[in-house]
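Worksheet for the structure shown next.
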Amino acid sequence: MHRTVLAHQLLNPLTELNFEAAVEQADYLDDCLLKNGKTVGLLHGLPISVKDSVDIKSLDTTMGYAAWVEHKAEKDSVIVASLRAAGAIPFVKTNLGHTLMMGETVNHLFGRSLNPWNRSLTPGGSSGGESALLAFRGSPVGWGTDIGGSIRLPAASTNLYGLRPSPGRVSYRGLADTFLGQEAVRSTLGPMGHSPQDLELLMSVYMASEPWNADPDVIPLAWRKAEDVLPERPCVFAYIDGDELVTPHPPILRGLGHVVEKLRNAGHTVVKWQGSLAKEAGKMMVDFWTADGGEEVRRRLAESGEPLIKEVGQLLRLGPEANFTPPTVAETWKNQHERNIYAQRFLDHWQDSRNWSGTGRVIDGLISPAAPFLARPHGADLPESRFGMFEHTYANFQPLLQLSTGSFPSGLFQDPKIDLPSRDFDPQSELDSQVHALYSDPEEWRGAPIGFQLVARRLEEEKVLAMLSRIADALA
């Protein structure tokens, strides 16, 4: 707890401290062990942190809205109840980006969270309070949520591992959310930690509780062993180094080359992904998110009169300059149909990789930047593309297609002496020029962790974690 408090003093990652109840629960667990001679479960005595949006009984769930102060949860969420039953101790809740729809972690209620690797940089968003706390070792493991990168971006920004499960794998019952009732692109709850083994432990213990008996939205699919989903043979990976819209910054390209080289040296096959589908995915995502014309977010803000944060307004087309007309029901149905066509095309292309992987095998996973930049400076003036905020260029097709996705660190960090701006940069678009200009001073990004994401097919969480273990071994 001492380190947790230090983290909060330096980084502002917390929204709720549950220390008194945590100590009481720890005492109870000690008594159980003394009386029964065995632990309550596999997580006996393990402190865990969760994002503000996850309900813990008697604690506030605010989403960063001023109007939701004293908005206390009446009972534990399904995930917290499951972890408690296994002996875990939920002891803090962590800060989040306003409305959950931000690549930073800042709101009017709790302020801004900072990155422990460089406090002038964001820890990512919207689960950046969680990533900042974990990276500082103020909590051993935790849980965040992800609808458009909100686990993957923070994990990549702070040298952590994270998992965005497919919708239906982890219960969302007892969580606050944005876009209630919007089912086309769903937010999911996933673990964050310092190793693939951290994530595997949390997921396997949680799945052993059979959460489908507590939440009808959870798919009744038991946790599978790594050897059952990933044979003991070298993996076949593809990688993305660009999406024909935005070019990754120099340190990301350096880090990607490092990862590819290490994996090949370890005996794995790594080939370049054939084609890019990110641009159409971005447009579909934002069309779904804005189908209500921003009515839900406007209503929540109006309850207290708090102002709209600029980045949220840009992404959700809420600002006065947006001149945005929400789609009709017919247009939304058409968009959903196009998403289904896109999903089939993506699957066909994935399966066709046996013809271009050089092995005769379908790829096991796809490695990609989590964003075209590293953890960015606080309040960076971000441009906007017609597909929504550009930081989701690399992080949007996974939630759109409900793909299981993990984040992992490369082990490298930005070095302003090495990662210089490209002198012969040839922009692919005006947006690319704007993103490139963000990196005009490499010194601003000093020490930022270089992380990536690993994409698998739908409901392949076990395979993602098994592949992350192989990647971690190769990078060690």
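Residue order for H378, H8, fewest other beta carbons within 10 angstrom first, comes to H378, H8. Each Cα pair under 8 Å and six or more residues apart adds its separation to the average, and for the chain the resulting relative contact order is 18 percent.
Couplings for segment 189-205, taken from phi via the Karplus curve 6.51 cos²θ - 1.76 cosθ + 1.60 with θ = phi - 60°, read 9, x, x, 9, x, 9, 7, x, 5, 4, 5, 5, 4, 4, 5, 5, 5 Hz in order; Gly and Pro are left as x. Applying 1/(1 + (r/R0)^6) with r as the Cβ-Cβ distance of M1 and S440 and R0 = 41 angstrom yields a FRET efficiency of 0.45.
Each residue in E303, E338 was given a count of other beta-carbon atoms within 10 angstrom of its own, and listing them fewest first yields E303, E338. Rounded to the nearest 20, the Cβ-based charge dipole of the chain about its Cα centre (Lys and Arg +1, Asp and Glu -1) stands at 820 debye. Sorted into 20 angstrom bins from 0, the C-alpha pair distances of segment 2-475 split as 25, 60, 14, 0 percent.
The fewest-to-most ranking of K93, K72, K225 by surrounding Cβ atoms within 10 Å reads K225, K72, K93. The length gained on full extension between Y28 and D426, counted as 0.36 nm times the residue separation minus their Cα-Cα distance, comes to 137.0 nm.
Here, each number is a calculation from the coordinates, and none is a lab measurement. These figures come from a predicted structure and were not determined experimentally. With ideal geometry, Cβ positions are generated from the backbone for all residues, glycine too; neighbour counts draw on all protein chains shown.
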